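Everything below concerns the one structure shown next.
The values are calculated or read from the model by the stated rules, or taken from the named source; none is laboratory data. Since the model is a prediction, treat every value here as computed from it, not as a measurement. Quick reminder, even Gly has a Cβ in these numbers, built from the backbone with ideal geometry, and neighbours come from all protein chains shown. SASA here: full protein model, heavy atoms, side chains in, ligands and nucleic acids out. Shrake-Rupley method; radii C 1.70, N 1.55, O 1.52, S 1.80 Å.
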Amino acid sequence: MKDAKLRARGRLIAFNPELERRNHAGLALLAEFRAALRNRELVLHYQPKLDLMTSRPVGVEALVRWQSPRHGLLMPAQFLDLAEASGLVLPMGLQVLEMAIRQRRAWRTEGLDIPVAVNVCALQVQQADFLQGIDGVLMAQEASAEGIEMEITESVFVGDDARTFDHIQGLRDRGFGVALDDFGTGYSSLSYLNRLPATTVKIDRRFVQGMNQDAKSDMLVRAIIQVAAVIDAKVVAEGVETEDQAERLRALGVPVAQGFLYSPGLPAEELAIWWLKQDAPGVRN
């Protein structure tokens, strides 16, 4: 029953012994993850964003990892669904924001002013005390929202909930940037875009990777760029893996990109070294 509910409402799942084994394994991992939050075993890696015209870095996206004493370094795909299903994604999200703020401050003391984007899931935004939690982190860190952007997927707007829009506006009122992540793959209603105080639109990797093979993907990328211009939002392309993709994005006027063509997510110390090298005068990929 739990497996059916997690997959989708109204689904039927046939019982088998493997399902029971996975359930026991999931419960064990859940207990470990609760301890991980208490013991602060989460770490952040940072994927750079580059100006497509100059190849200079302009910011990073914080990517959460779990440094498990038992399992080693775990990627989000290995624990994020579990965190969301259990509700632990709520304290996890605040912990990630706190780490990102502390890291941005640490970089600034080193002379590096690096804007940081932090992912926020729909469940977080839809909580009644969402903004109170954000305020608590800012107060505890004695920090402002300057230089921090919240990346929110379109799925958060399903249902057109007034509270969600109030919370997004609350983020903007506090000085956070707001990026629409995976744009074009979810709700994509012009009615909500007209009211949403977004500062950035991120083109989903599926469109980016299909541009040079699929005319429809190329047309959708152009359409997203036009929509972003209407709502006065910046455009960032994610999942850029080839120079052909980067060249096409430049031709379309996309200013900023991120992806494995430039760098994977890096630990903070490695990111600082990469940033200094990439930001040196005369550097151009």
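A few remarks follow.
- The set of residues from region 140-172 being more than 20 Å from residue 234 (Cβ to Cβ), among the small types (Gly, Ala, Ser) and either open to solvent by 10 Å² or more (accessible area, probe 1.4 Å) or more than 19 Å from the chain's Cα centre (by Cα) (or both) comprises 140, 143, 144, 155, 159, 162.
- Helices (runs of 4 or more DSSP H) wholly inside region 140-258 containing at least 3 residues that are in contact with a Leu (Cβ under 9 Å, 6 or more places away or on another chain) and in contact (Cβ under 8 Å) with a residue 60 or more places away in the chain: 243-252
The rows are residues; the columns are (1) in contact with a Pro (Cβ under 9 Å, 6 or more places away or on another chain); (2) open to solvent by less than 20 Å² (accessible area, probe 1.4 Å); (3) among the small types (Gly, Ala, Ser); (4) assigned to a helix (DSSP H, G or I).
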| site | (1), (2), (3), (4) |
| --- | --- |
| 91 | no, no, no, yes |
| 94 | no, no, no, yes |
| 97 | no, yes, no, yes |
| 107 | no, yes, no, yes |
| 113 | no, no, no, no |
| 118 | no, yes, no, no |
| 127 | no, no, no, no |
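- Some residue of region 192-211 being hydroxyl-bearing (Ser, Thr, Tyr), modelled with pLDDT under 95, open to solvent by 30 Å² or more (accessible area, probe 1.4 Å) and farther than 23 Å from residue 53 by Cβ: no
- Region 57-77 residues that are small (Gly, Ala, Ser), paired with ones that are not in a strand (DSSP E or B) (beta carbon under 6 Å, 6 or more apart): 59/115; 62/100
- Restricting attention to region 78-89, the residues that are touching a helix residue (DSSP H, G or I) at 6+ places or on another chain (Cβ under 7 Å) and either loosely packed, with under 14 Cβ neighbours inside 10 Å or assigned to a helix (DSSP H, G or I) (or both) total 6.
- Residue match in region 75-86 (condition: over 14 Å from the mean Cα position of the chain (by Cα) and polar (S, T, N, Q)): yes
- Here the strands (runs of 3 or more DSSP E) wholly within region 1-74 that include at least 2 residues being of a type outside the set (Asp, Glu), at pLDDT 95 or above and open to solvent by 50 Å² or more (accessible area, probe 1.4 Å) are 57-68.
- Subset of region 212-258 [under 22 Å from residue 56 (Cα atoms), open to solvent by 80 Å² or more (accessible area, probe 1.4 Å) and of a type in the set (Asp, Glu)]: 241, 243, 244, 247
- Cβ separations smaller than 6 Å between residues 6+ apart or across chains give the following pairs from region 99-127 residues that are on the phi < 0 side of the Ramachandran plot and touching a residue at least 40 places away in the same chain (Cβ under 8 Å) to residues that are open to solvent by 20 Å² or more (accessible area, probe 1.4 Å) and part of a helix (DSSP H, G or I): 101/141.
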